[in-house]
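Just below is one structure, and these are the notes that go with it.
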Amino acid sequence: MDRLTTKLQARMDALGAASASPLRGRRLTVILGRWLGAAFVICFLTGLYSHLLQQPPAWMVLLPRPVWLYRLTQGVHVATGIGSIPLLLAKLWSVFPELLRWPPIRSVLHALERASIALLVASSLVEVGIGLVNTFEWYPWPFPFKTVHYWLAWVIVSSLALHVAIKLPVIAAHWRRGPAESADPAPAGRPNGMPAEPAGAASPGWNRRALLAAVAAATGAAVLTTAGQSFGGLAGFNVFAPRRQGTGPQRLPVTRTAAEAGVATTALATGWTLTVTYRQRQETFSLARLRALPQHTSELPIACVEGWSQDALWRGVRIRDLLATVGAPADSDARVHSLEQHGNYAASTLPAAYSRDDLTLLALELNGAPLDLDHGYPARVMAPGRPGVLQTKWVRRIEVLG
Ligand code: HEM
Ligand SMILES: Nc1nc2c(c(=O)[nH]1)N[C@H]1C(S)=C(S)[C@@H](COP(=O)(O)O)O[C@H]1N2
Ligand SMILES: [Mo]
């Protein structure tokens, strides 16, 4: 048994030596950890906001203004998520020799620490992997993306919190000594896992700064070449993101076409009508009758959950005017039904915070012309500050709830 352990120990040491780099050290790992921790916290908070907007609990304060709020939070979510990929890889590289340390478990606390890190690493890799692939609308796995992504986010923040809690003595010691001091080569003896700065490295400080600059540049490049899908100012740099601003029918991208939704025929049928219902009351509107109602213009972005977003000019009938035609109070929630029959997009709920808003329209026009079939002809909902997935296209019925 002892011989086996010694042998394994030697193997691991050899592997460690083969992949050794003078740049690795506690300082590098700490700095990358801070960057990555900040990125994950931003991802978690913006992701949670997106989640809550899609199934708001009773206590939730819904914010139709500023109209660009969700566009910003989800754009930041996807950009930060993509930017965290180089950070995560660099962080894993910086601690890689730790995986080879022998014996693998030294105490209960050490076992707990390793388990929490294993969980953190595995869930982070899966989370950013499926997140990235999702923004390309590719779902090559048999599980529902949203549910898995959501629960993995909780696994990440919980294991991150545990990881920080276990490291608290190290962090506290670092701050007690002062950051400048502990940046110096730490005393030998590897008191808490991370190797100290290797002795004899020429100038680890300078090398570390160069490496950190390279990681920062990789992160910046990942963000810069994708964030143009959400932020107009960066559109010219958009090399990798799947959506391009100003493209598609009426210069606006389409997530799912009428043909894909199976509504190409029903949406173009001459007999199309909109039905608005409230308790026993019901009103039916032809397209001509809708056009005869007061028309209003709203400049609102489509802000897709997948991160792309773009401003557009919408024109149509205010939802609250439509609710008034059946005598519904202005403060009503409404359920919006699409011609699309099945799946997540067939209907959406419009809470009162949006339905009473001046900017919320049943839009008939986009950028100065009747809606393109793929943008929801004959009529779609457009409300401020909401995820694109809730801006139901090809509306056939509005049901006032309550
Ligand atoms: C490359 C990295 C990432 C990308 C591209 C990405 C992308 C996305 C996308 C597209 C959504 C919208 C899902 C939908 O509503 O259909 C989303 C939601 C979310 N993301 Fe991420 N994400 C990434 C990383 C992360 C990380 C690191 C966390 C947390 C630590 C996180 C937490 C969340 C949460 C909580 C949601 C809400 C899910 C829900 O609505 O149920 N994401 N993300
Ligand atoms: N009925 C229906 N409404 C829908 C969709 C859909 O597939 N079916 N896609 C949603 C999504 S995910 C987004 S981002 C917006 C996109 O609107 P656009 O295609 O006009 O750009 O429409 C939303 N409304
Ligand atoms: Mo979307």
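Leu87 - would you say it is in contact (Cβ under 8 Å) with a residue 60 or more places away in the chain and crowded, with 19+ Cβ neighbours inside 10 Å?
Working: in contact (Cβ under 8 Å) with a residue 60 or more places away in the chain: yes; crowded, with 19+ Cβ neighbours inside 10 Å: yes.
Judged against the criteria, Leu87 is a match.
Can you tell which of Leu53, Leu72, Leu23, Leu28 is in a helix (DSSP H, G or I) and farther than 20 Å from Ser309 by Cβ?
Selected residue: Leu28, the only one of Leu53, Leu72, Leu23, Leu28 that is in a helix (DSSP H, G or I) and farther than 20 Å from Ser309 by Cβ.
In the list Leu300, Leu313, which residue meets the criterion of being in a strand (DSSP E or B) and within 12 Å of ligand 2 (Cβ to nearest atom)? Step through it out loud before you land on a result.
On the way: Leu313 fails: within 12 Å of ligand 2 (Cβ to nearest atom).
None of the others qualify; the one that does is Leu300.
Please give the number of the condition Ser107 fails out of (1) in contact with a helix residue (DSSP H, G or I) (Cβ under 8 Å, 6 or more places away or on another chain); (2) among the hydroxyl-bearing types (Ser, Thr, Tyr); (3) surrounded by fewer than 20 Cβ atoms within 10 Å (Cβ to Cβ); (4) more than 28 Å from Ala353 (Cβ to Cβ).
Result: Ser107 passes all but (1).
Can you pull out every residue in the range 120-134 that is farther than 14 Å from Leu88 by Cα and either more than 16 Å from ligand 3 (Cβ to nearest atom) or among the hydrophobic types (A, V, I, L, M, F, W, C) (or both)?
Within the range 120-134, Ile130, Val133 meet the criteria.
Restricting the search to the range 367-390, which residues are within 16 Å of ligand 3 (Cβ to nearest atom) and closer than 15 Å to Val317 by Cβ?
Within the range 367-390, Gly376, Arg380, Val381, Met382, Ala383 meet the criteria.
Let's see how each residue does on (1) within 26 Å of His51 (Cβ to Cβ); (2) assigned to a helix (DSSP H, G or I); (3) within 16 Å of ligand 3 (Cβ to nearest atom); (4) out of contact with any helix residue (DSSP H, G or I) (no Cβ under 7 Å at 6 or more places or on another chain):
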site: Gly307; (1), (2), (3), (4): yes, no, yes, no
site: Ala328; (1), (2), (3), (4): no, no, no, yes
site: Val336; (1), (2), (3), (4): yes, no, yes, yes
site: Leu364; (1), (2), (3), (4): no, no, no, no
site: Ile398; (1), (2), (3), (4): yes, no, no, no
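For the range 42-63, which residues satisfy the criterion of being free of Cβ contacts under 8 Å to residues at least 40 places away in the same chain, within 10 Å of ligand 1 (Cβ to nearest atom) and among the hydrophobic types (A, V, I, L, M, F, W, C)?
Passing the criteria: Ile42, Leu45, Leu52.
Is it the case that Ala111 is under 28 Å from Ala10 (Cβ atoms) and of a type in the set (Gly, Ala, Ser)? Spell out the reasoning first.
Values: under 28 Å from Ala10 (Cβ atoms): yes; of a type in the set (Gly, Ala, Ser): yes.
So Ala111 passes the test.
If only one of Ala153, Ala165 is small (Gly, Ala, Ser) and either surrounded by 14 or more Cβ atoms within 10 Å (Cβ to Cβ) or within 16 Å of ligand 3 (Cβ to nearest atom) (or both), which one is it? If you could, list the steps in order and put the result at the bottom.
Details: Ala165 fails: either surrounded by 14 or more Cβ atoms within 10 Å (Cβ to Cβ) or within 16 Å of ligand 3 (Cβ to nearest atom) (or both).
After applying the criteria, what remains is Ala153.
Tell me, yes or no, whether the range 320-343 has at least one residue that is surrounded by fewer than 22 Cβ atoms within 10 Å (Cβ to Cβ), on the phi < 0 side of the Ramachandran plot and hydroxyl-bearing (Ser, Thr, Tyr).
For the range 320-343, residues surrounded by fewer than 22 Cβ atoms within 10 Å (Cβ to Cβ), on the phi < 0 side of the Ramachandran plot and hydroxyl-bearing (Ser, Thr, Tyr): present.
Any residue at all in the range 117-126 that is more than 10 Å from ligand 1 (Cβ to nearest atom) and either within 24 Å of Thr5 (Cα to Cα) or not in a helix (DSSP H, G or I) (or both)?
Yes: one or more hits.
Given (1) farther than 20 Å from Ala369 by Cβ; (2) assigned to a loop (DSSP other than H, G, I, E, B); (3) within 16 Å of ligand 3 (Cβ to nearest atom), where does Gly271 come up short, assuming only one miss?
(3) is the only condition that Gly271 fails.
Coordinate-derived values only; no laboratory data. Quantities reported herein were computed from a predicted structural model and do not represent experimental measurements. When we count neighbours, we look across all protein chains shown, and the Cβ atoms used for this are built from the backbone with ideal geometry, even at glycine.
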